[in-house]
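> Sharing a structure below in structure tokens format, with a few things to ask.
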Amino acid sequence: MPKGYSRPQTLIDKPWHFCPGCNHGIIHRLCAEVIDEMGLQNQTIGVGSVGCGVFSYEYFNFDGIGPSHGRAPAVATGVKRVLPDRLVFTYQGDGDLAAIGTTEMVHSAVRGENITIIFVNNTLYGMTGGQMAPTTLMGQVTTTTPGGRSRNQAGYPFRVCEMLATMEGAAYIARGAVYNPAQVVKTKKAIKKAFATQMAGLGFSLVEVLSACPTNWGMNPIQALKFVEENMVPVFPLGEFKVTPIEAGV
Amino acid sequence: MEVVFNEKRCKGCGLCIEFCPRKIIALGTKMNDAGYHYPFIKQKEKCNGCAICAMMCPDVIIEVKGA
Ligand SMILES: Cc1ncc(C[n+]2csc(CCOP(=O)(O)OP(=O)(O)O)c2C)c(N)n1
């Protein structure tokens, strides 16, 4: 079934700084496609993060804010409370969201803040050169775990979706990946549901996307996608963890 | 129907080549200004414009026109 493809209007036409094969590019594009399809480009405010996604406000064709490291959900809370008719979403890595920004993430969900978080999990701190993150897999080698992540030194991987799904304030929680075309389609649907959940005023939404970091994993882009499928998915299972039907809008 | 690669921005990651269902994309021998080899369609007549290459491209350099 032939179909065309052109660059989403919501992306500014400029080259990206990402490394070859970095999945941030695919995830940026999916957010832009969904905003195009929902007709929300003039109504969206993005909140960036510190990490490889730091330039999101340079790439998305809507207003954006660059908060300090990990504080994006707090900034988004303020924006959304002042401008409740806007789509307000944060774009955060696992170092930003699940390490330094854990408090902001957890409490925005506890409060049921009507914002969306796009959470890009690549198992480490990409921008600073590949240090261990709370999401690093057991035994995984990073620059700060040269012998592999061990239980005694660093405990276990942090499963954000599973934790947030237990909270009453959370309305939509899902985990996707982009390691093949089928997963790209599913992840796009999840992002759309999260944004629709927010626009219906149902509460907090988060979509985690498992993402390859070929540079810091020391792999080529194809091997890195295989690593996501074979090594990350068993630890971070894909699917929807909490869904609030949109009809049940308050 | 035409598949257009914005060659200047390609980083040669090869995801379009890997996921093309008909395996008709290949990296060329020429390099762009950034020093990356960029792809081309080997057998244009076999392309049905499915746009899976564009769906996997992390740099949004692929456009599928008039499909
Ligand atoms: C307050 C503060 N502490 C530390 C840093 C250094 N720093 C910059 S990016 C980063 C981690 C980013 O990792 P992640 O959020 O996983 O994003 P990725 O780069 O992997 O996409 C850190 C620790 C900083 N910029 N500010």
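> So who's got an amide H within less than 5 Å of the one on A:Leu206, skipping anything under 5 residues away but keeping other chains? H placed 1.01 Å off N, in plane.
Those lying under 5 Å, H to H, from A:Leu206 are A:Ile117, A:Tyr172, A:Ile173, A:Ala174.
> Next question, about the same structure. Report the full-extension gain for the segment A:Met219 to A:Glu168: residue separation times 0.36 nm, less the Cα-Cα distance, to one decimal in nm.
14.4 nm
> While we're looking at this one, here's another question. Taking N as the number of residues in the stretch A:45-204, what is its Cα Rg relative to 2.2 N^0.38 Å?
1.04
> OK, next. How many partner chain Cβ atoms sit within 10 Å of a residue's Cβ in peptide A:172-184, on average, as a whole number?
Mean inter-chain Cβ contacts per residue within 10 Å come to 2.
> Then there is this: So what are the ³J(HN,Hα) numbers for the stretch A:133-142, from phi and the Karplus equation (6.51, -1.76, 1.60; θ = phi - 60°), rounded to whole Hz, Gly and Pro as x?
10, x, 8, 4, 6, 4, x, 6, 8, 10
> Could I ask something else about it? State, to one decimal in nm, how far the label point of A:Met127 lies from the label point of A:Thr103, with both points 7 Å from Cα in the Cβ direction.
For the pair A:Met127/A:Thr103, the computed spacing is 2.0 nm.
> For chain A, what's the relative contact order in percent, using C-alpha pairs closer than 8 Å and at least 6 residues apart?
Here the relative contact order equals 18 percent.
> Compute the helix-to-body angle for A:24-38: its Cα long axis versus the longest principal axis of chain A, expressed 0 to 90° and rounded to tens.
So the helix axis and the longest Cα principal axis differ by about 10 degrees.
> Another question about this same structure. Under a point spin-label approximation (7 Å from Cα along Cα-to-Cβ), what is the A:Val185-A:Ile12 distance to one decimal in nm?
Reported label-point gap for A:Val185 and A:Ile12 is 3.3 nm.
> Could you give each residue of the stretch B:46-57 its phi-based ³J(HN,Hα) in whole Hz, using Karplus coefficients 6.51, -1.76, 1.60 with θ = phi - 60°, and x for Gly or Pro?
Listing the rounded values in order: 8, 7, 9, x, 5, 6, 5, 4, 5, 5, 9, 5 Hz.
> Can you work out ³J(HN,Hα) from phi for every residue in the stretch A:5-15, in order, using Karplus 6.51 cos²θ - 1.76 cosθ + 1.60 and θ = phi - 60°, giving whole Hz and x for Gly and Pro?
8, 9, 4, x, 4, 6, 9, 5, 7, 8, x
> Between B:Met1 and B:Ala34, what's the calculated FRET efficiency when r is the beta-carbon distance and R0 is 30 Å? Round to 0.05. Write out the running numbers ahead of the final one.
On the way: r = 28 Å, r/R0 = 0.94.
With a Förster radius of 30 Å, E is 0.60.
> Where does chain A land at 222 nm, in deg cm²/dmol rounded to the nearest 500, when only DSSP H runs of n ≥ 4 count, each adding -39500 (n - 2.57), divided by all residues?
-8500 deg cm²/dmol
> Now for a different question. Please tell me which of these pairs span more than 20 angstrom C-alpha to C-alpha: A:Lys186/A:Lys242; B:Lys8/B:Lys30; A:Lys188/A:Lys242; A:Lys192/B:Lys8; A:Lys14/A:Lys192; A:Lys192/A:Lys226?
From A:Lys186/A:Lys242; B:Lys8/B:Lys30; A:Lys188/A:Lys242; A:Lys192/B:Lys8; A:Lys14/A:Lys192; A:Lys192/A:Lys226, over 20 Å: A:Lys192/B:Lys8; A:Lys14/A:Lys192; A:Lys192/A:Lys226.
> Using packing as a proxy for protection, rank A:163-173, A:85-95 so that the peptide with the highest average count of other Cβ atoms within 10 Å comes first.
Sorting A:163-173, A:85-95 by mean packing, highest first, produces A:85-95, A:163-173.
> If you rank B:Lys11, B:Lys23, A:Lys193, B:Lys30 by how much accessible surface each has, with a 1.4 Å probe, what is the order from largest down?
Order by accessible area, largest first: B:Lys30, B:Lys23, A:Lys193, B:Lys11.
> Same structure again: Given H placed on each backbone N at 1.01 Å, which residues far from A:Phe60 in sequence or on other chains put an amide H within less than 5 Å of it?
Placed amide hydrogens put A:Ile12 under 5 Å from A:Phe60.
> Give the average, rounded to an integer, of partner chain Cβ atoms located within 10 angstrom of each Cβ in B:37-49.
1
> Continuing with the same structure: log₁₀ I(q)/I(0) of the stretch A:1-52 at q = 0.13, 0.14, 0.26 Å⁻¹, via Debye over equal Cα point scatterers, no solvent, to two decimals?
Debye output, listed in q order: -0.38, -0.44, -1.22.
> Okay, next question. Can you list residues from other chains, or at least 5 along the same chain, whose modelled amide H is less than 5 Å from the amide H of A:Gly148?
A:Thr142
> For the stretch A:152-175, list residues with backbone N below 13 Å from a point placed 7 Å from the Cα of A:Glu37 toward its Cβ?
none
> If you don't mind, another one. Decide, for the protein assembly as shown, between rounded, prolate and oblate: order the square roots of the alpha carbon gyration tensor eigenvalues as a ≥ b ≥ c, take rounded if a/c falls under 1.5, and otherwise choose prolate if a/b is larger than b/c, else oblate.
Oblate, since a/c reaches 1.5 and b/c is not below a/b.
> Among residues other than A:Gly176 whose Cβ falls under 12 Å from its Cβ, what is the net charge (Lys/Arg +1, Asp/Glu -1)?
Every neighbour counted, the sum reads +4.
The values are calculated or read from the model by the stated rules, or taken from the named source; none is laboratory data. None of the values given here were measured: they were computed from a predicted structure. With ideal geometry, Cβ positions are generated from the backbone for all residues, glycine too; neighbour counts draw on all protein chains shown. Calculation scope for accessible area: heavy atoms of the full protein, side chains included, ligands and nucleic acids excluded. Shrake-Rupley method; radii C 1.70, N 1.55, O 1.52, S 1.80 Å.
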